[in-house]
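Any read-out appearing in this document is the output of simple, stated calculations on the displayed coordinates, not a laboratory observation. Every value quoted in this text rests on a predicted model; they were computed, and no experiment measured them. Cβ atoms come from the backbone with ideal geometry, glycine included; neighbour counts cover every protein chain shown.
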Amino acid sequence: FFKSRGFGNIMYRFKSIDIIQNYLSDKLSALILNVTSSIIIAVILLSYNVELAAIVIMASLLYSVVRFSAYFYIKENQLSTIALKSREQSVLINTLKFIQTHKLYGGLHRIHNQYHGIITDEASVSAKSQIITMIATNINQFISGFRNILVLFVAVLLALNNEMTIGMIFAFTAYSVEFSRRSTIVINLIYKIQLLKIQSSRLAEIVHATDESGLGSYFDLNENYNLSARGIYHQYDKLAPLVLVNINIDISENETVLLTGDSGSGKSTFINIMLGITEPVAGSLFIGGVNIKKTGKHAIREITSSVLQGDSLFPGTIYENITFNDSLDNIDQIHEIANAIGIHDVITRLPLGYFTQVGDMSDFLSGGEKQKLLIMRALFKKPKILILDEADSNL
């Protein structure tokens, strides 16, 4: 799911959570308060005079029609803004991640132009939204002014007919202004709630995405860790050629197996199938003689460790990268593995040793040193099955 979408797209989707949370926490109570106040004031206006109250209420309804008539255009602009923000985020992430490559191949000017184009488009879309909002605001001001004139005219006629006093007219005018203010707030808040549907729909694609299937529960393999594959077929797309065709293999405990083949022949794909990362088009994988569909993917992941081509260090300390926690209970084991691999001295020379912060963009570690840390991570787990996909390419 996540591989098929850009980092910027996914990150900006998650920003929708903050937008929705902030709105609900800050504005929901205001909406309830203003709706309640508007209803109470409307009842008071009706108690003064039904005709005048109808004018005031109709003016607010007219504003709501004007406001929501612009919804389609604002929605389109919002979608354009979101798409541009996602692109901006993606460009920024890719620039930071591959800045050395861009520098060496003269790509910074292209990135600058690309980023400048996105910012320009964002400003253009924002200007359109502001113009539409300004037009709606001006129309509301016109409606309010016309309403006040009409209310005053009808009120004077009622006063001449001795149906209202001057004091009642002043009181009604004050209440009508307050009703207009409150109802305008309610209309604007409801309008923004409608716009929140755009954010919620973007989140829905992630929330409603199908979970990884076949995880299962942790299965007792009875100390039998033999791996078998039967009739494995795989293709990346229904129209693409088969990458793996009728693969059958048996790997016994304590056996070392080397997979060789041309680039793109499916070696990494087969490894991903063994780890339960990729689902084969056809065929079955067995562990301890039991189909992995029965044991679940947890079973094989519990007993395996791997160093794959795309693996990297995550932001955190060296210790956390190896153990996936910050407990110091395993420090002696870590030292033993580091000495065996030949990286202990390198780590201890760092200012904070094993508690030095690293990440996929750390430049004080060589490619080989990073790869040794990944191998340490795999060995620390004490796996029954160790899978390495060109894990020594930098050594």
Around residue 379 (Cβ within 12 Å, Cβ-to-Cβ, excluding residue 379; K/R +1, D/E -1) the net charge comes to +3
Where does the charge balance sit around residue 293 when Lys and Arg score +1, Asp and Glu -1, over other residues with C-beta under 15 Å from its C-beta?
-> +2
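Please report, ordered by residue number, every helix of the chain (full DSSP H runs) that is 27 Å or longer along its axis going by C-alpha atoms and whose mean Kyte-Doolittle hydropathy reaches 1.0. Walk me through the numbers on the way to the answer.
Values: long enough: 7-48 (60 Å, 0.95); 50-69 (28 Å, 1.78); 71-97 (38 Å, -0.23); 108-160 (77 Å, 0.72); 166-207 (61 Å, 0.77).
Helices passing the filter in the chain: 50-69.
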Which residues' amide hydrogens lie under 5 Å from the amide hydrogen of residue 282, considering only partners 5 or more residues apart or on another chain, with H built in the peptide plane?
-> 233
Which distance in nm do the two modelled labels at residue 240 and residue 71 give, with both placed 7 Å along the Cα-to-Cβ direction?
-> 4.2
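Would you mind putting 237-246, 39-48 in packing order, based on average other-beta-carbon counts within 10 Å, highest first?
Packing order, densest peptide first, comes out as 39-48, 237-246.
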Cβ-based net charge around residue 127, under 15 Å, with every Lys or Arg adding one and every Asp or Glu removing one | -2
Which of [x] 27.3, 110; [y] 22.8, 73; [z] 32.9, 106 is the computed Rg and Dmax of the Cα atoms in Å for the structure on display?
-> [z]
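At a threshold of 8 angstrom on Cα-Cα distance, excluding pairs fewer than six apart, so keeping six or more, what relative contact order does the chain reach in percent? Can you show the working numbers first?
Values: 405 pairs, mean separation 62.1, N = 395.
About 16 percent, as a whole number.
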May I ask for the distance between the Cα centers of the stretch 290-338 and the stretch 1-32, given as a whole number of Å?
-> 32
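Could you give the size of the charge dipole of the chain about its Cα centre, using +1 on the Cβ of each K and R and -1 on the Cβ of each D and E, expressed in debye and rounded to the nearest 20? Mind dumping the intermediate values first?
Details: 33 positive and 34 negative charges, 293 e Å.
Value, rounded to 20: 1400 debye.
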Please list the non-local residues whose amide H lies under 5 Å from the amide H of residue 306, H modeled 1.01 Å from N, same-chain partners needing a gap of 5 or more.
-> 387
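Among the trypsin sites (Lys or Arg not before Pro) within the stretch 291-357, which fall in a DSSP loop and have no more than 13 other Cβ atoms within 10 Å of their own Cβ? It would help to have the intermediate numbers written out before the result.
Numbers: sites: 293, 294, 297, 301, 349; in loops: 349.
For trypsin sites (Lys or Arg not before Pro) across the stretch 291-357 that sit outside H, G, I, E and B with at most 13 neighbouring Cβ atoms in 10 Å, the list reads 349.
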Just grab the label-to-label distance for residue 161 and residue 224, each label 7 Å out from Cα along the Cβ direction, in nm (one decimal).
-> 9.7
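For the chain, which span is the longest to avoid every loop-located (per DSSP) member of GluC sites (Glu not before Pro) having at most 12 other Cβ atoms inside 10 Å?
Working: sites that count: 163, 212, 223, 253, 255, 390.
Excluding the exposed sites themselves, the longest stretch runs over 1-162.
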Cross-link reach list, lysines versus residue 297, counting only Cα pairs under 25 Å and skipping chain neighbours closer than eight places | 3, 238, 267, 381, 382, 384
Find how many whole Å separate the alpha carbon centroid of the stretch 58-116 from the alpha carbon centroid of the stretch 370-386.
-> 42
Between residue 131 and residue 303, the FRET efficiency computed from the C-beta separation at R0 = 45 Å comes out, to the nearest 0.05, as 0.10
At 222 nm, what helix-only mean residue ellipticity would the chain give, in deg cm²/dmol to the nearest 500, using -39500 (n - 2.57) for each DSSP H run of four or more?
-> -21000 deg cm²/dmol
Stretched out fully, how many nm does the piece from residue 198 to residue 173 gain, at 0.36 nm a residue minus the Cα gap?
-> 5.1 nm
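Once the Cβ-Cβ distance between residue 255 and residue 349 is put in as r, and R0 is 35 Å, what FRET efficiency do you end up with, to the nearest 0.05? Write out the running numbers ahead of the final one.
Numbers: r = 38 Å, r/R0 = 1.09.
That gives a FRET efficiency of 0.40.
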Would you mind computing Rg(Cα) / (2.2 N^0.38 Å) for the stretch 237-395, counting N as its residues?
-> 1.17
